[in-house]
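The values are calculated or read from the model by the stated rules, or taken from the named source; none is laboratory data. Predicted, not measured: the structure shown is a model, and the values here were computed from it. When we count neighbours, we look across all protein chains shown, and the Cβ atoms used for this are built from the backbone with ideal geometry, even at glycine.
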Amino acid sequence: MNTKGEIYWMSAVALSEAVRRRELSPVEILDSILERIEECNPKINAIVTLDEGGARKSAKDAERKVERGEKIGPLHGIPVTIKDLIFTQGMRTTFGSKLFECYVPDEDAVTVARLKEAGAIILGKTNTPEFGLIAVTDNLVFGHTRNPWDTTRTSGGSSGGAAAAVAAGMCPVALGSDGGGSIRIPASLCGVYGFKPSFGRIPRYPTLRSFETLACQGPITRTVCDAALMMDIMVGRDDRDRFSLPGGKTNYLDRLEEGVAGRKMAYSSDLGYAVVDPRVKEVTRKAALEFEELGCEVHEVDLDIPDMGGDLAVMVAAEAATANESYLEEWKEKGYPLYKGLLKLEKSLTARDYVRVQFKREKLWDRIRKIFERYDFLLTPATAIPAFELEERGPASPREIAGKPISPNAWIAFTYPFNFTGQPAASVPCGFVDNLPIGLQIVGNRYGDLGVLQASRAFEEAFSWQGEKPSL
């Protein structure tokens, strides 16, 4: 018999099996999760809209289906949280913005609908920066989300609420989104697993219009198996998203244990341009070399790829301002203070500036493509630094790394290249610096989602991190 504490730390796969075997009921699971939320959420502010009444009703309905012996889905009775950028029918969705503080969508995102069809209980919404435009989680509606490992530090962003909730045991799995690293950055800083699928692998509809050719939705979990399970549920074409990829199901979970023996891994500590905390470099280099124990060939490589940090800022400024142009003046008044600089940048941009980004994007892909002609995977740090201290309405990123001055996007230099190329990538917990988690990024070739999940699972099995939990 499980205690309530054991329940809220269980994986979604284990919970689902327990429900099927009638060892746990959906109501018992939800009670344990809600108790954990009551204890921890006031300390970290990860879940900003909690639908306790709706979740209890869904849990009772799920329990009755089990009792009647009805056919149930792979996430039957399992609580899931949804990032507050993602549409949820009948549930407040603010996008972290004062402009949408009371907005309630009349339809679900494709992903939310598919999770519901699989039996998931939608627990509530997790915090995000306004419109998901920066890599820390803070906004004028709900405030900061704090890191469960040290509540004086950031959870990262923009899926910081999702990663913090999973890390704290307030939900087994969460749905996030990633337009420049927004799944992998908080997963790294909060010590959980974050998977960014190939662009188009999971349909995005309806959605905010910014990050249109960069963003995707994906899972944040405590285990790789749970991420694979969520992928099995969420992938597949939907013509409402014109970028969604054709093709049938891959059965990621069934093929997860095939391993990576014989594969070739390239490890880069800086991608040729990044400034990195030496301690992060040491931890991730050691983790990368561990793949040799799994039968892989690992080479440290020197890379020469263009840094797209400034180009990301150009795209975000142009697309966000255009998406919100009908209420731009109101946004300038009510928007997050740090966005004033972004809006000033947008005023100075021309069509040529935007097109130049696309040309540079082609150059980036040409360089990256050649790496994957020789290697199966590219390994890097997920972030250049551990979680840094929160500043009330202050800078959204540190000003220096290892004593060197940096640009605003420099600390996330490892994630955004692979939004521009559309490749699958994950952040896997691989160690600690000053008792703060560090993530190893695993990047796969185009459409190589299964391979990234398999490599992540092999690393997880050999060098498991599940025993490490924050002491909230």
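Among the listed residues 452, 428, 433, which satisfies the condition of being touching a Lys or Arg at 6+ places or on another chain (Cβ under 6 Å) and within 20 Å of residue 181 (Cβ to Cβ)?
433
Scan the range 140-168 for residues that are assigned to a loop (DSSP other than H, G, I, E, B) and crowded, with 24+ Cβ neighbours inside 10 Å and jot them down.
145, 148, 149, 155, 156, 157, 158, 159, 168
Looking at the structure I just gave you, is residue 82 touching a Pro at 6+ places or on another chain (Cβ under 8 Å), in contact (Cβ under 8 Å) with a residue 40 or more places away in the chain and under 30 Å from residue 102 (Cα atoms)?
no
For residue 38, which of the numbered conditions (1) within 25 Å of the chain's Cα centre (by Cα); (2) of a type outside the set (Val, Ile, Thr); (3) in a loop (DSSP other than H, G, I, E, B) fails to hold?
So residue 38 meets the others, but not (3).
Which of the residues belonging to the range 5-26 are surrounded by fewer than 14 Cβ atoms within 10 Å (Cβ to Cβ) and either part of a helix (DSSP H, G or I) or at negative phi (or both)?
Scanning the range 5-26 gives 5, 6, 17, 21, 23.
Those residues that are within 14 Å of residue 453 (Cβ to Cβ) and among the charged types (D, E, K, R), I need them from the range 186-239; list them, please.
Scanning the range 186-239 gives 196, 201, 226, 232.
Name the residue, out of 13, 19, 48, that is more than 28 Å from residue 158 (Cα to Cα), among the aliphatic types (A, V, I, L, M) and in contact (Cβ under 8 Å) with a residue 40 or more places away in the chain.
The unique qualifying residue is 19.
When you scan the range 271-295, how many residues do you find that are free of Cβ contacts under 8 Å to residues at least 40 places away in the same chain and either buried (at least 20 other Cβ atoms within 10 Å of the Cβ) or not in a helix (DSSP H, G or I) (or both)?
Residues that pass the stated criteria total 2.
Could you list, in sequence order, the residues of the range 216-241 that are out of contact with any Lys or Arg (no Cβ under 7 Å at 6 or more places or on another chain) and small (Gly, Ala, Ser)?
Within the range 216-241, 227, 228 qualify.
Could you pull out the residue among 325, 300, 319 that is modelled with pLDDT of 95 or more and among the charged types (D, E, K, R)?
300
What number goes with the only condition from (1) in contact with a strand residue (DSSP E or B) (Cβ under 7 Å, 6 or more places away or on another chain); (2) of a type in the set (S, T, N, Q); (3) under 25 Å from residue 356 (Cβ atoms) that residue 427 does not pass?
(3)
Considering every residue within the range 169-177, establish whether at least one is surrounded by fewer than 24 Cβ atoms within 10 Å (Cβ to Cβ) and at pLDDT 95 or above.
So far as the range 169-177 goes, yes, one or more of its residues are surrounded by fewer than 24 Cβ atoms within 10 Å (Cβ to Cβ) and at pLDDT 95 or above.
Going through the range 244-263 one residue at a time, which ones are surrounded by 15 or more Cβ atoms within 10 Å (Cβ to Cβ) and closer than 29 Å to residue 292 by Cβ?
250, 252, 253, 256, 259, 260, 263
Of all residues in the range 208-220, which are at pLDDT 95 or above and farther than 10 Å from residue 179 by Cα?
218, 219, 220
Would you confirm, using the coordinates I've provided, whether residue 396 is within 20 Å of residue 315 (Cα to Cα), among the aliphatic types (A, V, I, L, M) and either surrounded by fewer than 19 Cβ atoms within 10 Å (Cβ to Cβ) or at pLDDT below 95 (or both)?
In short, yes.
Applying the selection to the range 399-454, what residues are of a type in the set (A, V, I, L, M), more than 16 Å from residue 281 (Cβ to Cβ) and surrounded by fewer than 24 Cβ atoms within 10 Å (Cβ to Cβ)?
If the condition is that a residue be of a type in the set (A, V, I, L, M), more than 16 Å from residue 281 (Cβ to Cβ) and surrounded by fewer than 24 Cβ atoms within 10 Å (Cβ to Cβ), then 450 is the only one that fits.
Can you work out which of the residues in the range 109-139 that are within 17 Å of the chain's Cα centre (by Cα) and in a strand (DSSP E or B) is surrounded by the most Cβ atoms within 10 Å (Cβ to Cβ)?
Residue satisfying both the conditions and the ranking: 126.
Determine, yes or no, whether residue 241 is in contact (Cβ under 8 Å) with a residue 24 or more places away in the chain, farther than 16 Å from residue 425 by Cα and either surrounded by fewer than 23 Cβ atoms within 10 Å (Cβ to Cβ) or not polar (S, T, N, Q) (or both).
yes
Test residue 48 against the criterion of being closer than 23 Å to residue 215 by Cβ and buried (at least 18 other Cβ atoms within 10 Å of the Cβ), and give yes or no.
Yes: the conditions hold for residue 48.
How many residues does the range 331-362 contain that are out of contact with any Pro (no Cβ under 9 Å at 6 or more places or on another chain), touching a residue at least 40 places away in the same chain (Cβ under 8 Å) and under 22 Å from residue 396 (Cα atoms)?
6
On the given criteria, is residue 70 farther than 26 Å from residue 469 by Cα, crowded, with 19+ Cβ neighbours inside 10 Å and of a type in the set (D, E, K, R)?
When the stated conditions are applied, residue 70 does not pass them.
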